[in-house]
Structure formats: structure tokens, C-alpha cells
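The values are calculated or read from the model by the stated rules, or taken from the named source; none is laboratory data. What you see is a predicted model; the values in this text were computed from it and never measured. Neighbour counts are summed over all protein chains in view; Cβ atoms, including those assigned to glycine, are modelled from backbone coordinates with ideal geometry.
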Amino acid sequence: MRTCNLLGNVAQQAGRLAEARAWYERCRDLARQRGDTAMLGITAQNLGIVCQLEGAAARQRGDEASARQRFADAEPFLHESLQMQLDRHNQPGEAMARSPLARLYLLMGDLEPAAAQAQQAREINESLGLLRELPGDDHSLARIARARGDAAQAAD
């Protein structure tokens, strides 16, 4: 199960998204069989991120309809991942699950939920002293501010 997840990570980092999806789906099947809720949350997030990356690639090719579809496909995976972290009362995992949701909403142009997810991730990371996560949270918040046309907030 863990090996399948790691192979999915390698494929994803190499840009082989279909291969990554297949490894993550295999990992998800094994996690279901084992009743491993932690891994189910991880694979749900990984599948959501793959959909998100596929949507971004479609957008770069000029295929906005496919991009929107892939973003829509990503959303339930990312919500599932977040819900699993909430159910497990795993605050670091919750913050980690909120970050890709923020990026997804930004890609979809839904700036209010993007800002809410990014801000919640930042607040959790700050309250837990997870300082290495804060620059990523701040970067997301700055991108959202720029998308809103708020240069001053982006600079802050």
C-alpha cells in the first residue's frame, strides 16, 4: 500500500499523471481492504491533486472545458481528505488538506472559499508552531490577494 503511494508520488513528480492516478487508485483499494483511514485520507488528497494538475495542464493547452471538469473532479477527493482529517482530529493533517483546497478554489476562480481555506490552514499551522508550513500558506494568500487585484494585501 505504501509502496503504491510512493510510486504514485514519483510518477506525479515526473509529470506522468495517468500513471500516478493508477498507483494512487491501487493504494486506495488496498487501504480500503485494510481499513486504513489514514491512508485513505492521503490517497484521496493525492487523487485530488492529480485531478488539479490535469486541470492546470488542460488550461495551459487552452482546453478550458476539460480544465473545469478536472477541477470539478478534484473537489470531492479534496473534501473527502479534509473530512477524514477532521474525523481523526488531526490538526496538522487538516491544515495540509486545506492547502490544496485553497489552490483548487483559486484555479476555479472562487476566491472567497480559496481565502477561507488558506487562512484556516495558516491559523492551524501557526497555532501548532509548524513554521515551515507558513511560507506556503502566505504564498497562497498572496496569490489570492493578487487575483482579487489587491496589491497591498499581496505584499503584506
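Any chance the range 43-57 includes a residue that's in contact with an Asp or Glu (Cβ under 7 Å, 6 or more places away or on another chain) and surrounded by fewer than 22 Cβ atoms within 10 Å (Cβ to Cβ)?
Checked the range 43-57: no residue is in contact with an Asp or Glu (Cβ under 7 Å, 6 or more places away or on another chain) and surrounded by fewer than 22 Cβ atoms within 10 Å (Cβ to Cβ).
Quick one: which residue in R32, R61 is among the charged types (D, E, K, R), surrounded by fewer than 21 Cβ atoms within 10 Å (Cβ to Cβ), at pLDDT 95 or above and over 29 Å from D87 (Cβ atoms)?
R61
Which of the following residues is of a type in the set (K, R) and without any contact (Cβ under 8 Å) to a residue 40 or more places away in the chain: R26, R59?
R26
Can you confirm whether the range 147-154 contains a residue that is within 29 Å of S66 (Cβ to Cβ) and either in contact with an Asp or Glu (Cβ under 6 Å, 6 or more places away or on another chain) or at pLDDT 95 or above (or both)?
No, the range 147-154 contains no residue that is within 29 Å of S66 (Cβ to Cβ) and either in contact with an Asp or Glu (Cβ under 6 Å, 6 or more places away or on another chain) or at pLDDT 95 or above (or both).
Report whether or not R122 is closer than 23 Å to R70 by Cα and at pLDDT 90 or above.
no
Considering only the range 103-122, I want to know if a residue exists there that is surrounded by fewer than 16 Cβ atoms within 10 Å (Cβ to Cβ) and not assigned by TED's automatic domain parsing to the domain that holds A142.
No, the range 103-122 contains no residue that is surrounded by fewer than 16 Cβ atoms within 10 Å (Cβ to Cβ) and not assigned by TED's automatic domain parsing to the domain that holds A142.
Return the pair list, or none, for Cβ contacts closer than 7 Å from residues in the range 114-127 that are under 17 Å from R146 (Cβ atoms) to residues that are outside any helix (DSSP H, G or I), at least 6 apart or on different chains.
Going by the 7 Å Cβ cut-off, there are no qualifying pairs.
Among the residues of the range 11-29, which ones are surrounded by fewer than 17 Cβ atoms within 10 Å (Cβ to Cβ) and either more than 20 Å from A97 (Cα to Cα) or at pLDDT below 95 (or both)?
Answer for the range 11-29, where residues must be surrounded by fewer than 17 Cβ atoms within 10 Å (Cβ to Cβ) and either more than 20 Å from A97 (Cα to Cα) or at pLDDT below 95 (or both): A14, G15, R16, A18, E19, A22, D29.
Among the listed residues L128, L111, identify the single one that is within 22 Å of A67 (Cβ to Cβ) and among the aliphatic types (A, V, I, L, M).
L111
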